[in-house]
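Asks: Here's a structure for you.
The values are calculated or read from the model by the stated rules, or taken from the named source; none is laboratory data. These numbers were taken from a predicted model, which means no experiment stands behind them. Every residue, glycine as well, gets a Cβ built from its backbone with ideal geometry; the counts of neighbours run over all protein chains shown. Just so you know, the surface numbers come from the protein's heavy atoms only, side chains and all, with ligands and any DNA or RNA stripped out. Shrake-Rupley method; radii C 1.70, N 1.55, O 1.52, S 1.80 Å.
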Amino acid sequence: MTPVLRTDRLLLDPYTPEDEEAFVALFQDTRVSRWMGDGPTTEAEDRALFGRVFTKVYAENLFDVWAVRRDGRLVGHAEIKRTEDVDGHEIIYALAPEAWGSGLGTEIAEAIVAYGFATLGLTEVHATVAAPNTASLALLARIGFTHVRDVREDDGSTTRVLTRRRP
């Protein structure tokens, strides 16, 4: 079961069915979704994804997925999961544009990394970031991630693979 995590300003807790509209709004914002997975998807696809958080991820305890809240309001999304892409555990995070530039992304990433090391017992954590996403690359570098390799995607774009090892 996905545990509750707290930072100075944020609460990371499991989604509830009441979060669907805020989840869909976050994922439908192209400023956010352009960096997620294969990019923007339809509203129907985002609603189906939200449903799978409950019917698959939580129901089968596949991996940890959090709603990120500030002052009771959903402002982001976070995950840590094992993926073959990096042959290890990858952190994933997204933050609503109105919360950008305030250090909240750093709080989310640090909380998930700390959870991976302390609770999951990982020795390293990975992140994959689209090369043009300079804000996320800078954030990860600030908190100790190092560039490991680049992956050339089918569409010709580049994804950077970064790793942070447990101290």
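Asks: Using unit Cβ charges (K, R positive; D, E negative) and no other charged atoms, how large, in debye to the nearest 20, is the dipole of the stretch 23-167 about its Cα centre?
Replies: Around 420 debye, computed over the stretch 23-167.
Asks: Continuing with this model, one more query. Can you pull a Stokes-Einstein diffusion coefficient for the stretch 15-167 at 20 °C (1.002 mPa s), Rh from Kirkwood over Cα pairs, as a whole number of µm²/s?
Replies: The calculation lands on 134 µm²/s.
Asks: When the Karplus curve 6.51 cos²θ - 1.76 cosθ + 1.60 is applied with θ = phi - 60°, which whole-Hz ³J(HN,Hα) does each residue of the stretch 73-83 get, with x for Gly and Pro?
Replies: For the stretch 73-83, the Karplus-derived couplings read 9, 5, 10, x, 9, 8, 8, 9, 8, 6, 9 Hz, x marking Gly and Pro.
Asks: If you average the sequence gap of Cα pairs under 8 Å that are 6 or more apart and divide by the length of the stretch 81-127, what percent do you get for the contact order?
Replies: Answer for the stretch 81-127 is 44 percent.
Asks: Report, in debye and to the nearest 20, how large the dipole of the stretch 85-146 comes out about its Cα centre when Lys and Arg carry +1 and Asp and Glu carry -1 on their Cβ.
Replies: My answer is approximately 160 debye.
Asks: Taking H placed 1.01 Å from N in the peptide plane, check which residues at least 5 places from Val148 or on another chain put their amide H under 5 Å from its amide H.
Replies: Val161, Leu162, Thr163
Asks: Provide, in order from the shortest bin, the percent of all Cα-Cα pairs of the stretch 30-97 in each 10 Å bin, continuing until the bin that contains the maximum pair distance.
Replies: 18, 49, 32, 1
Asks: Something else about it: How would you rank 74-84, 150-160, 18-28, highest first, on the average number of other Cβ atoms within 10 Å across their residues? Walk me through the intermediate numbers first.
Replies: On the way: 74-84: 18.2, 150-160: 11.1, 18-28: 16.5.
Most protected by this proxy first, the peptides run 74-84, 18-28, 150-160.
Asks: When ligands, DNA and RNA are left out and all protein chains stay put, how many square angstrom of accessible area per residue does the chain have with a 1.4 Å probe?
Replies: 53
Asks: Oh, and also: Let me check against my output: what whole-number percent is the relative contact order of the chain, with C-alpha pairs under 8 Å and at least 6 apart?
Replies: It rounds to 18 percent for the chain.
Asks: Give the value in nm², to one decimal: projected area of the alpha carbon convex hull of the stretch 17-69, averaged over all directions.
Replies: The number I arrive at for the stretch 17-69 is 3.8 nm².
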